[in-house]
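Peer 1: First the structure, which I've put down as structure tokens, then a few questions once you've had a look.
The values are calculated or read from the model by the stated rules, or taken from the named source; none is laboratory data. This one's a predicted model, so the numbers in the text were calculated from it and none came from an experiment. Every residue, glycine among them, receives a Cβ derived from its backbone with ideal geometry; neighbour counts consider all protein chains shown. Only protein heavy atoms, including side chains, enter the accessible area calculation; ligands, DNA and RNA are left aside. Shrake-Rupley method; radii C 1.70, N 1.55, O 1.52, S 1.80 Å.
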Amino acid sequence: MTLLGFALAPATAEVRSEATLPPRIEIQRLAAGPRIDGRLDDSAWQQAAPLGRLRQVEPREDADPSEATDTRLFHDGRFLYVAVRCFDREPDAIVANELQRDRGLDDDDHISIVLDTYGDQRTAFLFQVNPNGVKRDALVEQNEIVIDEWNGIWRAKARVDARGWTAEIAIPFSTLSFDPSRTQWGLNVERNIRRRDEVLRWATPLQNRKLVDVSGAGILAGMEGLDRGIGLDVRPVFAIRHEDDVEDGDRSTLVEPGLDVFYRPTPSLMAALTVNPDFSDVPTDPRRVNLTRFDLFFDETRDFFLEDAGVFEFGNLEENGRPFFSRRVGLDAEDEPVPIRVGAKLAGRHGPLKLGLLDAQVGSSGEIENKNLAVARLALDVFEQSSVGMIVTRGDPLSNDENVLAGLDFRYRNDHVRGDQVVTADAWLQKSFQSGEGPGGGGTEGSQEWAVGGLLRYPNDRFEAELGFAEFGRDFNPGLGFVNRRGIRDYKAQFRYRARPDRLVRTADTGFKFTFVTDLSNEIESANLGFDWIELRNGPRDKVAFQTFLRRERLLEPFEIEDDVFIQPGTYDFDRHRVSLETSQSRPVAVALEIEWGDFFSGERLSILPTVELRPSKHVFVLLQYEEEQVRLPGGGFNARLGRIQVDLRFTSDLFWTTLTQYDNLSKRLGVQSRLRWIVAPEREIHWVVEHGMDHRGGRPLRSNLSRITGKVQWNFRF
């Protein structure tokens, strides 16, 4: 096969195996780049360096691909250009359902590119394109944390033709952070042929390694003479909002100009300033039924806090005990917006040192006064893939008391255990300092404002195991972090074994999860032993799973699980079972059903969660989801019901309209958010957001309580 008349690059000895060096490509600097239209007919591609053949990761490790792929790269000093010809003997069978930027592309055919611009084998930029030309980008931290919300300025076009499909990509060096002294970057390229569940990769075509694990990336040489411009982006933002609060009888129209400025003093450091930021285009949080005694954790979705968010990751902590949780900035205890007057951030690298500084001045909210909130994070690369770091935060957005936290962490990673197996270990220590009446307030004698923990992981394909411990003092209070359970010792263990039987059953997983929580006197508070009896997945990614949970909970005081429904103090043992079914999301109609039943404290609980996804074309997506919790207890019972309908109209890959409607019978509230987003050009966008709330509390008929309409324009100027 040929691309533009030249022969497809043959397989070479550069394909990685355990006994060879990583593959390498030396690219050239050409005078000018091509027109990005997905056609691959520019003469520059005749001179571009071929990458070499990709090898199978799935379903057969390091096997020959079923279809050929030709990838070519070069740069002109300002852009890195990538052309990919994905040969396919059945172009009509190519799966390309997604037409909305930044949605997951795993259920489509797609091409992925990762760039380790520092050569540190830890961090990377991820770029993906499907046959519709839809783009997805992300940051990669610690070879496994993928921050999807990062948005970079880059261009890509794709098209399907009689020989398969093509993609043409231009990535500005001004979009990337990189070490200008390095002439070699880490690179990997992966292709997904969805209908066969076939994954092809250039470097480390091993099932034990993920694409984002850049410790096994190949070498991209020839990265010399790169021009990033002066490194300045100026983004004026203009928003106008009309709000009608029916309950209070208030109406208001606000005009809110804002400004974002991004500047790179060096190619590896980014300084950012935001004045009066507007987050009206942020999607509504999904409603969730909370049947626990503890606060729920919701992910950050605001762009300013997601840029370089991985720099602030600490100790591999997912939820409880995080020293910094950016949703604390600009949101109150009820997740209602608090005005951010001005925010500044510096994030990036200087040699082996990674640093992140964030400072925000926020307005008052209720009894909480204006205040300054700040966080500083430093991490130093040590050994081949490890790091040691520290974090300091100042301020508590939910209190007028002074709050400071300091923490240390160490992360160890080795991907050469028993050949290509990976082992990671995390250890961390935190100490909070609180004044006033809150936990630990006043530095009282015997206050317990500390937290300590560690996690040992063996995250591999055939076997996966985890062993962790954490202890949180009774007065531990990370004012800018997240903690929903103090005064405990938390033990956990996990094991999973994976078999790969044949093409009919691609993977079969079995294992267990164990968590054990005590108070600081070692009296048990919670225990959960979960048996993942079996999870089966086939080639199209249909799944079926069956689990059993054995639980113990000790309550020291009554727990009001719902209005006027109490669970009394005592020790409770209860068993639960779960069955999950899920069909592939690459089909026009995808369905999922999760049913969980069994004991619940002194009563019983039945959980039902059906989901239907409809994709009649790439222009339309419909989600229908219903959740019901039937709880029966000696002190009373209730049914919690939550419904969700989402309709996406995708006119083009740059123009889409999303409407989300949610209702639950506990709050008796119905909420609608409808968002129109037009990407006129990269980082030049127009948003139109309509929000409407209704309720029927107190037995009254359903009526409106809030209506809000927002128009927003943000226009990026790059210098």
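Peer 1: How about region 638-671: which of its residues are buried (at least 18 other Cβ atoms within 10 Å of the Cβ), over 23 Å from R103 (Cβ atoms) and touching a His at 6+ places or on another chain (Cβ under 9 Å)?
Peer 2: Those that are buried (at least 18 other Cβ atoms within 10 Å of the Cβ), over 23 Å from R103 (Cβ atoms) and touching a His at 6+ places or on another chain (Cβ under 9 Å): R669, L670.
Peer 1: OK, next. Can you list residue pairs whose Cβ atoms sit under 8 Å apart, with the first residue in region 632-649 being within 17 Å of F566 (Cβ to Cβ) and touching a residue at least 12 places away in the same chain (Cβ under 8 Å) and the second being basic (K, R) and open to solvent by less than 60 Å² (accessible area, probe 1.4 Å)? Count only pairs 6 or more apart in sequence or on different chains.
Peer 2: Sorted first by the residue in region 632-649, then by its partner, the pairs are R632/R605.
Peer 1: To continue, here is another question. If you scan region 677-719, which residues turn out to be more than 30 Å from L232 (Cβ to Cβ), modelled with pLDDT of 85 or more, open to solvent by 60 Å² or more (accessible area, probe 1.4 Å) and among the hydrophobic types (A, V, I, L, M, F, W, C)?
Peer 2: Answer for region 677-719, where residues must be more than 30 Å from L232 (Cβ to Cβ), modelled with pLDDT of 85 or more, open to solvent by 60 Å² or more (accessible area, probe 1.4 Å) and among the hydrophobic types (A, V, I, L, M, F, W, C): just I709.
Peer 1: Here's another thing I want to ask about it. Starting from residues that are part of a loop (DSSP other than H, G, I, E, B) and either open to solvent by 40 Å² or more (accessible area, probe 1.4 Å) or among the aliphatic types (A, V, I, L, M) (or both), keep the ones in region 143-159 and report whichever is farthest from A681 (Cα to Cα).
Peer 2: E144
Peer 1: Looking at L456, L480, L504 in this structure, which one is surrounded by fewer than 19 Cβ atoms within 10 Å (Cβ to Cβ), of a type in the set (A, V, I, L, M) and under 18 Å from W428 (Cα atoms)?
Peer 2: Exactly one residue qualifies, and that residue is L456.
Peer 1: Does D281 count as in a loop (DSSP other than H, G, I, E, B), modelled with pLDDT under 80 and crowded, with 17+ Cβ neighbours inside 10 Å? First the steps, then the outcome.
Peer 2: Details: in a loop (DSSP other than H, G, I, E, B): yes; modelled with pLDDT under 80: yes; crowded, with 17+ Cβ neighbours inside 10 Å: yes.
So D281 fits the description; yes.
Peer 1: Looking for whichever is closer than 22 Å to F314 by Cβ and part of a strand (DSSP E or B) here; the options are R349, R341. Which one fits?
Peer 2: On the way: R341 fails: closer than 22 Å to F314 by Cβ.
Answer to the selection: R349.
Peer 1: State which residue is most open to solvent (accessible area, probe 1.4 Å) when the search covers only region 418-437 and only residues that are touching a residue at least 40 places away in the same chain (Cβ under 8 Å) and not in a strand (DSSP E or B).
Peer 2: Per the stated criteria, the residue is G419.
Peer 1: Looking only at region 131-142, how many residues end up being closer than 30 Å to N460 by Cβ and either among the aromatic types (F, W, Y) or open to solvent by less than 10 Å² (accessible area, probe 1.4 Å) (or both)? Break it down stepwise before answering.
Peer 2: The initial filter retains those residues of region 131-142 that are closer than 30 Å to N460 by Cβ, namely 136-142.
Remaining after also requiring either among the aromatic types (F, W, Y) or open to solvent by less than 10 Å² (accessible area, probe 1.4 Å) (or both): 137-138, 140.
Qualifying residue count for the region: 3.
Peer 1: Moving on to the next point. Is it true that some residue in region 698-716 is in contact with a Leu (Cβ under 8 Å, 6 or more places away or on another chain) and not hydrophobic (A, V, I, L, M, F, W, C)?
Peer 2: Step one: list which residues in region 698-716 are in contact with a Leu (Cβ under 8 Å, 6 or more places away or on another chain), which gives 702.
Narrowing further to those that are not hydrophobic (A, V, I, L, M, F, W, C): none.
Among the residues of region 698-716, not one is in contact with a Leu (Cβ under 8 Å, 6 or more places away or on another chain) and not hydrophobic (A, V, I, L, M, F, W, C), which makes the answer no.
Peer 1: For residues that are among the hydroxyl-bearing types (S, T, Y) and either assigned to a strand (DSSP E or B) or under 24 Å from V452 (Cα atoms) (or both), scanning just region 359-398, find the one that is farthest from the chain's Cα centre (by Cα). Working first, answer last.
Peer 2: Our first condition is that a residue be among the hydroxyl-bearing types (S, T, Y); within region 359-398, this holds for 364-365, 386-387, 393.
From what's left, either assigned to a strand (DSSP E or B) or under 24 Å from V452 (Cα atoms) (or both): 365, 386-387, 393.
Working: S365: 29, S386: 22, S387: 22, T393: 23 Å.
Selected residue: S365.
Peer 1: Suppose the filter is touching a Pro at 6+ places or on another chain (Cβ under 7 Å), open to solvent by 10 Å² or more (accessible area, probe 1.4 Å), among the acidic types (D, E) and more than 17 Å from V483 (Cα to Cα); does D359 pass it?
Peer 2: Working: touching a Pro at 6+ places or on another chain (Cβ under 7 Å): no; open to solvent by 10 Å² or more (accessible area, probe 1.4 Å): yes; among the acidic types (D, E): yes; more than 17 Å from V483 (Cα to Cα): yes.
Considered against the rule, which asks whether it is touching a Pro at 6+ places or on another chain (Cβ under 7 Å), open to solvent by 10 Å² or more (accessible area, probe 1.4 Å), among the acidic types (D, E) and more than 17 Å from V483 (Cα to Cα), D359 comes out as no.
Peer 1: Looking at this structure, is E629 part of a strand (DSSP E or B), over 24 Å from D107 (Cβ atoms) and either touching a His at 6+ places or on another chain (Cβ under 8 Å) or touching a residue at least 60 places away in the same chain (Cβ under 8 Å) (or both)?
Peer 2: Numbers: part of a strand (DSSP E or B): yes; over 24 Å from D107 (Cβ atoms): yes; either touching a His at 6+ places or on another chain (Cβ under 8 Å) or touching a residue at least 60 places away in the same chain (Cβ under 8 Å) (or both): yes.
Yes.
A quick yes/no check of all residues on (1) open to solvent by less than 20 Å² (accessible area, probe 1.4 Å); (2) farther than 22 Å from V311 by Cα; (3) not in a strand (DSSP E or B):
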position	(1), (2), (3)
S174	no, no, yes
G186	yes, no, no
T204	yes, yes, yes
R209	yes, yes, yes
S215	yes, no, yes
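Peer 1: Can you find even one residue in region 536-552 that is surrounded by 14 or more Cβ atoms within 10 Å (Cβ to Cβ) and on the phi > 0 side of the Ramachandran plot?
Peer 2: yes
Peer 1: Looking only at region 625-676, how many residues end up being among the aromatic types (F, W, Y) and closer than 29 Å to G699 by Cβ? Steps first, answer last, please.
Peer 2: Residues of region 625-676 that are among the aromatic types (F, W, Y), as a first pass: 626, 638, 651, 656-657, 663.
Those left that are additionally closer than 29 Å to G699 by Cβ: 626, 638, 663.
Count: 3.
Peer 1: Among the residues of region 288-297, which ones are farther than 14 Å from E629 by Cα and open to solvent by 60 Å² or more (accessible area, probe 1.4 Å)? Step through it out loud before you land on a result.
Peer 2: Just the residues of region 288-297 that are farther than 14 Å from E629 by Cα, to begin with: 293-297.
Those that are farther than 14 Å from E629 by Cα and open to solvent by 60 Å² or more (accessible area, probe 1.4 Å): R293, D295.
Peer 1: If you scan region 467-524, which residues turn out to be outside any loop (DSSP other than H, G, I, E, B) and of a type in the set (S, T, Y)? Steps first, answer last, please.
Peer 2: The initial filter retains those residues of region 467-524 that are outside any loop (DSSP other than H, G, I, E, B), namely 467-472, 482, 488-499, 507-519, 524.
Residues satisfying the conditions are Y491, Y497, T507, T510, T515, T518.
Peer 1: Return the only residue of Q128, Q56 being at negative phi, touching an Asp or Glu at 6+ places or on another chain (Cβ under 9 Å), buried (at least 24 other Cβ atoms within 10 Å of the Cβ) and part of a strand (DSSP E or B).
Peer 2: On the way: Q56 fails: buried (at least 24 other Cβ atoms within 10 Å of the Cβ).
Answer to the check: Q128.
Peer 1: Something else: So which residues in region 317-356 are loosely packed, with under 14 Cβ neighbours inside 10 Å, under 28 Å from S387 (Cα atoms) and of a type in the set (D, E)?
Peer 2: E318
Peer 1: Go through (1) open to solvent by 10 Å² or more (accessible area, probe 1.4 Å); (2) of a type outside the set (K, R); (3) closer than 30 Å to H350 by Cβ; (4) assigned to a strand (DSSP E or B) one by one and return the number of the condition Y118 breaks.
Peer 2: That leaves (4) as the condition not met.
Peer 1: Kindly provide the set of residues from region 508-546 that are acidic (D, E) and touching a Lys or Arg at 6+ places or on another chain (Cβ under 6 Å), ordered by number.
Peer 2: Taking region 508-546 first, the residues acidic (D, E) are 509, 519, 523, 525, 532, 535, 542.
If the condition is that a residue be acidic (D, E) and touching a Lys or Arg at 6+ places or on another chain (Cβ under 6 Å), then D509, E525 are the ones that fit.
Peer 1: Select from region 357-398 the residues that are over 24 Å from L273 (Cα atoms) and among the basic types (K, R) and list them in ascending order.
Peer 2: Of everything in region 357-398, nothing turns out to be over 24 Å from L273 (Cα atoms) and among the basic types (K, R).
Peer 1: OK, next. Condition first: open to solvent by 40 Å² or more (accessible area, probe 1.4 Å) and either in contact with a strand residue (DSSP E or B) (Cβ under 7 Å, 6 or more places away or on another chain) or in contact (Cβ under 8 Å) with a residue 24 or more places away in the chain (or both). Now tell me which residues in region 242-260 satisfy that.
Peer 2: H242, E243, V246, E247, R251, S252, T253, L254, V255, E256, P257, L259
Peer 1: Let me ask something additional. From the list E535, E560, which one is under 22 Å from S607 (Cβ atoms) and under 25 Å from the mean Cα position of the chain (by Cα)? Don't jump to the end; show me each part of the working.
Peer 2: Values: E560 fails: under 25 Å from the mean Cα position of the chain (by Cα).
Of E535, E560, the one residue that is under 22 Å from S607 (Cβ atoms) and under 25 Å from the mean Cα position of the chain (by Cα) is E535.
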